[in-house]
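The values are calculated or read from the model by the stated rules, or taken from the named source; none is laboratory data. All figures in this text were calculated on a predicted structure; none of them were measured in a lab. Don't worry about glycine lacking a Cβ; one is built from the backbone with ideal geometry, like all the others, and counts go over all protein chains shown. Just so you know, the surface numbers come from the protein's heavy atoms only, side chains and all, with ligands and any DNA or RNA stripped out. Shrake-Rupley method; radii C 1.70, N 1.55, O 1.52, S 1.80 Å.
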Amino acid sequence: MQRNFLNKLIRYTEIITCLPGYIASGFIIPLILATCYEVFARYVLNNPTIWAYEFGYLLMGFHFLLGGALTLKKQEHIRIDIFYNRLSDKKKSIIDLIFYVVFIIPCLSVLSFKLYQHTQYSFLSGESTGHSAWNPPIWPMHFIMFLSFFILFLQSLAECFKSILILKGRNKK
């Protein structure tokens, strides 16, 4: 019963945490189009845009940040594997569980909370980027930062549950 509940919880959590990563992968298309348009406008029409630079770095930020939880689910983050790969699945799970519980989850929870507060401040104050003549509001970027770290927090919880199942001998990595 508990195994079934944890597996369902992991599955639903991963749907929630990975969907933004898949959506963000589509951001590369408007990023390419905007960059190509900017190059064309600047060098062919001799009329550069006021928005392409900021649009590009905002989209790249969204793309990078929203992919974090998906990358964690797929175990694609950089890790020093010299010793880790030689360990059994249970020992790997113990190490993972310790790091998630002691370091990663507490840091992500505090960071998510602070980013949420910062997003509220940015929205209420009308803060803008200040990097170009376009000067869009910055709160959407702050919201994406909050959302990204929050879903990374959720995916970290799912990774903890996976480690627990492995330690109980009910799943394999």
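What the table below lists for this structure:
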| item | result |
| --- | --- |
| Helices (runs of 4 or more DSSP H) within region 59-110 that include 3 or more residues crowded, with 16+ Cβ neighbours inside 10 Å | 68-73, 89-99 |
| Condition broken by Leu45, with the remaining ones in (1) modelled with pLDDT of 90 or more; (2) within 18 Å of the chain's Cα centre (by Cα); (3) loosely packed, with under 14 Cβ neighbours inside 10 Å satisfied | (2) |
| Residue match in region 114-133 (condition: open to solvent by 30 Å² or more (accessible area, probe 1.4 Å), closer than 25 Å to Ile28 by Cβ, assigned to a loop (DSSP other than H, G, I, E, B) and at pLDDT below 95) | yes |
| Close pairs (7 angstrom Cβ cut-off, 6 or more residues apart or separate chains): at positive phi in region 118-139, modelled with pLDDT under 95 and not β-branched (Val, Ile, Thr) anywhere | Gly126/Pro137; Asn135/Ser128 |
| Residue count, region 91-120 (criterion: farther than 17 Å from Ile164 by Cβ and touching a helix residue (DSSP H, G or I) at 6+ places or on another chain (Cβ under 8 Å)) | 8 |
| Test: residue in region 25-33 that is touching a Leu at 6+ places or on another chain (Cβ under 9 Å), hydroxyl-bearing (Ser, Thr, Tyr) and in a helix (DSSP H, G or I) | yes |
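Condition check ((1) acidic (Asp, Glu); (2) more than 21 Å from Ile151 (Cα to Cα); (3) open to solvent by 100 Å² or more (accessible area, probe 1.4 Å)) across all residues:
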| position | (1), (2), (3) |
| --- | --- |
| Leu6 | no, no, no |
| Gly21 | no, no, no |
| Ile28 | no, no, no |
| Ala34 | no, yes, no |
| Val39 | no, yes, no |
| Thr49 | no, yes, no |
| Tyr53 | no, yes, yes |
| Tyr57 | no, yes, no |
